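**Q** Got a structure for you, questions after.
The values are calculated or read from the model by the stated rules, or taken from the named source; none is laboratory data. In this text the structure is predicted, and so the values were computed from the model without any measurement. Every residue, glycine among them, receives a Cβ derived from its backbone with ideal geometry; neighbour counts consider all protein chains shown. Areas reflect the complete protein model, heavy atoms only, side chains present, ligands, DNA and RNA absent. Shrake-Rupley method; radii C 1.70, N 1.55, O 1.52, S 1.80 Å.
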Amino acid sequence: MMQKIQRFGAAMFVPVLLFPFAGIVVGLTILFKNPDIMGSIADPDGMWYKFWTVVEEGGWTVFRQMPLLFVIGIPIGLAKKAHARACMEAIVTYLTFNYFINAILTLWGDKFGVDFSQEVGGVSGLTMIAGIKTLDTSIIGAIVISSIVVMLHNRYFDTKLPDFLGIFQGSSFVVIIAFLVMLPVALITAYVWPIVQHGIASLQGFLASSGVFGVWLYTFLERILIPTGLHHFIYGPFVFGPAVVEGGIAKYWMEHLSEYATSAHSLKEMFPEGGFALHGMSKIFGIPGIALAMYVTAKPEKRKQVSGLLISAALTAVIAGITEPIEFTFLFVAPWLFAVHAVLAATMAAVMYAFGVVGNMGGGLLEIATANWIPLFKYHSMTYLIQWIIGFAFMIIYFFVFRYLILKFNVATPGREADDSAETKLYTKADYKAKKQAGQNDSDNSYTVQALQFLDALGGPENIVSVTNCATRLRVSVHDESTVAPDSVFKSAGAHGVVRNGKAIQVIVGLSVPQVREQFEKALEEKGVKTGS
């Protein structure tokens, strides 16, 4: 069950990877159109303003079409075969589902407690999906429908029909079954979802009124669940779904950014729900403090070597918002340090919120700056100055806390290992094959080498059941976990670490994991191994 949940979390992350760039584009265009910042050049009738309006509309794509992106993303991560066809089946079925909802509520909306004559948006609970007026089930509906389709696809895509019905095989057969399934699903949704919407509205009020404690608890859970891969289920409904605001914090914030950029009212007063997206603060301020603590506690003769590793990992966390290379470094040697990190991250976010800091700040420095600090600094400079003071104060707290704990409990962080602890690695047949294959295809050189080394360390092709990935991890299910090599073998191949949960293995690769997975799957195909990837 844990393997399935983790794979599902990884599948949810597929469309999420598109949001940072979209947020940067929208943030910059709003900045360039703001006359308080750009002056007379930002005249609405001028070519400068009109040009950036065009660019901004393109940047809104992923925010306005989130449900469709999640419908497509789930099959990419979970379909066991014919991924492209599974995506087509999912999108067709999702549209069918919404057409059914539209027809049901047009005919009998009053019987379901829905005034379907209302305009979409606001508190109506209605929205437009690909031109279809329907219930606003947000990404929850998209994920549920797409998951149903993936289940049907995995089971029925290869079903052999009689020759005279051959035209209905494959994707057609899956869509036919899904069509029939969507009828009762749409009917149930029309009855249940308005009730759920009322519940969500109550939840929004509760979370908004829970104030500092609510922000602390949310941020703590988002951090502490990272090792399990389940943190997507915490921040997803808040940032991209309807947990605290219609459409999710990411979309709502960008839609109102121009309003916030020209108002001197308190950000917290205008958007208190924005406290539930401050989990990026630990990436910008906390991780550098941890990295510095690791550096100063390393043995003097190893500090130069350690600095190279820590600087690149810290920059990845600060700029891109990917924290796993640092976090998993101490997670493996001292898991309790990760709990300390989660407590400090939650406390920092709660303190910032108490001092009026809100926004969409779940990513890295570039994303946060363009969508928050730069466009809003003119009217909210004091808020951000206070935020930076708190952030740098917590960076110092992080440093001293981690330095004390590392020394007090003699934690074997990088540069503190025993001199003879490193495992001597002999080159294997897989290394030779990787080098030979890499020579034939220089463009895939490092990815091919790494993929084959990981494959060998995982017990070989015959031991692989399924493979997928999230932003930084290669997630693999194996037949026999006892044949998987020690962590040191994976680290010698370039991994940041390994998470083991029975037959579910997560290799922490980094941002190049999509390319490594591609070469990994090519190696499996060459061996004739079929997996459930």
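**Q** Once the whole set of protein chains is in place, how much accessible area is left on ASP115, using a 1.4 Å probe, in Å² to the nearest 10?
**A** 80 Å²
**Q** Enumerate the helices in the chain for which the Kyte-Doolittle hydropathy averages -0.5 or more and the C-alpha atoms extend at least 24 Å along the helix's axis, using complete DSSP H runs.
**A** On the way: long enough: 83-108 (37 Å, 0.87); 138-156 (27 Å, 1.44); 171-224 (51 Å, 1.47); 335-354 (29 Å, 1.58); 374-408 (45 Å, 1.28).
Span-like helices, by this rule, are 83-108, 138-156, 171-224, 335-354, 374-408.
**Q** How much of VAL296 can a 1.4 Å solvent probe reach, expressed as accessible area in Å² and rounded to 10?
**A** 50 Å²
**Q** Might you tell me the accessible area per residue for the chain, computed with a 1.4 Å probe and given in Å²? Mind dumping the intermediate values first?
**A** On the way: 23760 Å² over 533 residues.
Heavy-atom SASA per residue in the chain reads 45 Å².
**Q** Now for a different question. How long are the semi-axes of the equivalent ellipsoid of segment 86-219, taking √(5λ) for every eigenvalue λ of the Cα gyration tensor, in whole Å from largest down?
**A** Equivalent ellipsoid semi-axes, largest first: 34, 20, 11 Å.
**Q** Continuing with this model, one more query. With every protein chain kept in the model, how would you rank ILE37, ILE177 by accessible area, 1.4 Å probe, largest at the top?
**A** Listed by decreasing accessible area, they come as ILE37, ILE177.
**Q** Right, next: Stick to Cα atoms and the Kirkwood definition of Rh, then tell me Rg/Rh for segment 282-387.
**A** 1.03
**Q** I need the fraction of alpha carbon pairs in the chain separated by more than 40 Å, rounded to a whole percent.
**A** Cα-Cα pairs in the chain separated by more than 40 Å: 30 percent.
**Q** Here is a follow-up. Just to compare against my own numbers: the Cα pair-distance distribution for segment 330-384, 5 Å bins, whole % per bin, please.
**A** 4, 17, 19, 20, 16, 10, 8, 4, 1, 0
**Q** Order the peptides 139-146, 395-402 from the highest to the lowest mean number of other Cβ atoms within 10 Å of their residues. Working shown, then result.
**A** Working: 139-146: 23.5, 395-402: 18.4.
Per-residue mean Cβ counts within 10 Å order the peptides as 139-146, 395-402.
**Q** Helix-only mean residue ellipticity at 222 nm, the chain, DSSP H runs n ≥ 4 weighted -39,500 (n - 2.57), per residue, nearest 500. What is it?
**A** For the chain, the value works out to -19500 deg cm²/dmol.
**Q** For TYR447, TYR99, what's the largest-to-smallest order of accessible area, 1.4 Å probe?
**A** Of TYR447, TYR99, the descending order of accessible area is TYR99, TYR447.
**Q** Have a look at PRO288, LEU278, GLY247 and report the one farthest towards the positive end of the charge dipole of segment 241-328, computed about the Cα centre with Cβ charges (Lys/Arg +1, Asp/Glu -1).
**A** Ranked along the dipole, the leading option is PRO288.
**Q** What does the charge count around THR483 come to, taking other residues whose C-beta lies under 14 Å from its C-beta (Lys +1, Arg +1, Asp -1, Glu -1)? All intermediate terms of the calculation are to be shown ahead of the outcome.
**A** On the way: positive: ARG500, LYS503; negative: ASP456, GLU462, ASP480, GLU481.
For residues surrounding THR483, the net value is -2.
**Q** At a 1.4 Å probe radius, carbon and sulfur cover how many percent of the accessible area of the chain? All intermediate terms of the calculation are to be shown ahead of the outcome.
**A** Numbers: 15480 of 23760 Å².
Answer for the chain: carbon and sulfur cover 65 percent of the accessible area.
**Q** I've got another one for you. Binning at 10 angstrom from zero up to the longest distance, how are the C-alpha pair distances of segment 113-153 distributed in percent?
**A** The percentages, shortest bin first, are 28, 43, 23, 6.
**Q** Among SER117, MET395, THR483, whose Cα lies farthest out toward the positive end of the dipole of the chain, if unit charges sit on the beta carbon of Lys, Arg (+1) and Asp, Glu (-1)?
**A** It is THR483.
**Q** So, one more: What net charge do the residues around ASN501 carry, taking every other residue with its C-beta under 11 Å from that of ASN501, with Lys and Arg at +1 and Asp and Glu at -1?
**A** With Lys, Arg at +1 and Asp, Glu at -1, the neighbours total +2.
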